[in-house]
Amino acid sequence: MSERLELGLDTFGDVTSGADGRPQHHAQVVRDVVEQGVLADEVGVDFFGVGEHHRADFAVSAPEIVLAAIAGRTRRVRLGSAVTVLSSDEPVRVFQRFSTLDAASNGRAEVILGRGSFTESFPLFGYELGQYETLFEEKLELFAALVSQETVTWRGSVRPPLVDQRVFPPVEGGRLKTWIGVGGSPQSVVRAAGYGFPLLLAIIGGEPGRFKAYVDLYTRALDQIEKPRQPIGAHSPGYVADTDAQAREEFWPDYKAMRDLIGAERGWPAMARTEYDDEIERGSLYVGSPETVARKIAATVKLLGLSRFQLKYSAGPLPHDRLKRCIELYGGQVAPLVRDMIA
């Protein structure tokens, strides 16, 4: 774990409900996400991440643009994707967009690369799902070469080759901070270690302790190939309100709406209240008062040896005002409590 634990927030830009209970226009949701990122900076949050999706229930398909808008109104918070679906994107353009964001934000940009748990981007951009593994492996190989900021020569099967190419703009302060987002595949963990990239675990259900094996695998893999230890982070959903009861009741209907919508597409049963309560008590839902959420984050940080924890604070139609209050409590109360608990 690094000297100072980083406590971040991330959002997928879920389409929220307005005051009249109807879904907000995607444009309004984007503007609200910018406001949420600015607020995160004001209350001392270390990192603000914005996800990428290409479907009706999420408003953000171009996170770098949203992050650039946030960068222009903030001073200290680090800004990144959560995640960038590299498989269906162009590695050169991904690097250029984030190196430009890094310049605009005065060195605060990060990218979290992943395959994503949604597949809408593949047909949208003309990629075959049958190439799911090959697309990510080859494009990650190319991106790793680009991050070195040396002249790149590369050949693969999913895009034209590069021969002695430089990519601009270069990152001013060294290398672009690049994480690999992993949902629980040992192969993905080893791949991240092979490139020497930090690891971000997407822990969205079940006991966090089951990811200890992946942390151990990652550190062993780094040691075996004689690469330096890298930060390890985790991303999990949650919500903070003034009391435990308030947090549970406010979060439940909107979290269930989001979970059931996705579950219906994937063949999952509708979420029962008992499952929700169990995830809060023993699983990977960080829902409650600042003290309750802080205790749970601190326990996970200690268990997994994390350098960063990111709370996915948005959930389905959960309104903008409630999201802002969650951000205020997370930055103003949860983060200091967690640091005290792990000191």
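Numbers at a glance
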{"quantity": "Which labelled figure in (1) 0.95; (2) 0.97; (3) 1.11 is Rg/Rh (Cα atoms, Kirkwood Rh), once derived from the coordinates", "calculated": "(1)"}
{"quantity": "Carbon plus sulfur fraction of accessible area for the chain, probe 1.4 Å, in percent", "calculated": "52"}
{"quantity": "Percent of Cα pairs exceeding the 26 Å cut-off, where the set is segment 125-244", "calculated": "35"}
{"quantity": "The chain, helix-only ellipticity at 222 nm - DSSP H runs n ≥ 4, -39,500 (n - 2.57), divided by all residues, nearest 500", "calculated": "-13500 deg cm²/dmol"}
{"quantity": "His25-Glu249 FRET efficiency (beta carbon distance; Förster radius 22 Å; 0.05 resolution)", "calculated": "0.20"}
{"quantity": "Relative contact order (percent, whole number), segment 1-123, Cα cutoff 8 Å, 6+ residue spacing", "calculated": "24"}
{"quantity": "Helix axis angle, 290-304 relative to the chain longest principal axis, alpha carbon, degrees", "calculated": "40"}
{"quantity": "Ala343-Asp242 FRET efficiency (beta carbon distance; Förster radius 30 Å; 0.05 resolution)", "calculated": "0.75"}
{"quantity": "Lysines with Cα under 23 Å of Lys177, excluding same-chain neighbours fewer than 8 positions away", "calculated": "Lys139, Lys227, Lys312"}
{"quantity": "Convex hull volume per residue for segment 177-272, taking Cα atoms only, in Å³", "calculated": "135"}
{"quantity": "The chain: relative contact order in percent, alpha carbon pairs under 8 Å with at least 6 residues between", "calculated": "20"}
{"quantity": "Square roots of 5 times each gyration tensor eigenvalue, C-alpha, segment 269-330, largest first, Å", "calculated": "20, 18, 10"}
{"quantity": "Value of D in µm² per second that Stokes-Einstein yields for segment 1-99, Kirkwood Rh from Cα pairs, at 4 °C (1.567 mPa s)", "calculated": "91"}
{"quantity": "Antiparallel content of DSSP bridges confined to the chain, in %, to 5", "calculated": "10"}
{"quantity": "Most fluctuating residue given options Gly184, Gly72, Gly126, as computed from a GNM of the chain linking Cα atoms under 10 Å", "calculated": "Gly126"}
{"quantity": "Cleavage-rule hits (GluC sites (Glu not before Pro)) in segment 212-251: DSSP loop, at most 10 neighbouring Cβ within 10 angstrom", "calculated": "Glu226"}
{"quantity": "Hull volume in cubic angstrom per residue (convex hull over the Cα atoms of segment 207-343)", "calculated": "123"}
{"quantity": "Proximal charge balance of Glu265 [Cβ under 14 Å; K/R count +1, D/E count -1]", "calculated": "0"}
{"quantity": "Residue (of Val85, Gln28, Gly49) at the positive-pole extreme of segment 24-153, dipole from beta-carbon charges", "calculated": "Gln28"}
{"quantity": "For segment 1-52, convex hull of alpha carbons as volume per residue, Å³", "calculated": "86"}
{"quantity": "Segment 86-233 - share of DSSP beta bridges that are antiparallel (%, nearest 5)", "calculated": "20"}
{"quantity": "GNM flexibility winner over the chain from Ala270, Ala103, Ala257 (Cα, springs under 10 Å)", "calculated": "Ala270"}
{"quantity": "Per residue accessible area in Å² of segment 116-198, where ligands, DNA and RNA are left out and the probe is 1.4 Å", "calculated": "51"}
{"quantity": "Charge context of His25, other residues only, Cβ under 11 angstrom, K/R +1, D/E -1", "calculated": "+1"}
{"quantity": "Arg75 versus Glu265: modelled label distance in nm, points set 7 Å from Cα along the beta carbon direction", "calculated": "4.0"}
{"quantity": "Length-normalised contact order for segment 46-94 - Cα pairs under 8 Å, 6+ apart - percent", "calculated": "44"}
{"quantity": "Loop-located trypsin sites (Lys or Arg not before Pro) in segment 18-84, at most 10 other Cβ atoms within 10 Å (DSSP)", "calculated": "Arg75"}
{"quantity": "Net length gained if the chain between Arg210 and Arg166 were fully extended (0.36 nm per residue, minus Cα distance)", "calculated": "11.6 nm"}
{"quantity": "P(r) histogram, all alpha-carbon pairs of segment 138-183 included - 10 Å bins from 0, percent", "calculated": "25, 49, 24, 2"}
{"quantity": "Of the GluC sites (Glu not before Pro) in segment 102-172, those whose Cβ has at most 16 other Cβ within 10 Å and which sit in DSSP loop", "calculated": "Glu120, Glu128, Glu150, Glu172"}
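The values are calculated or read from the model by the stated rules, or taken from the named source; none is laboratory data. Bear in mind that the values here come from a model prediction, so they are computed numbers and not experimental data. In this analysis, Cβ positions are derived from the backbone assuming ideal geometry, glycine residues included, and neighbour counts consider all displayed protein chains. Calculation scope for accessible area: heavy atoms of the full protein, side chains included, ligands and nucleic acids excluded. Shrake-Rupley method; radii C 1.70, N 1.55, O 1.52, S 1.80 Å.
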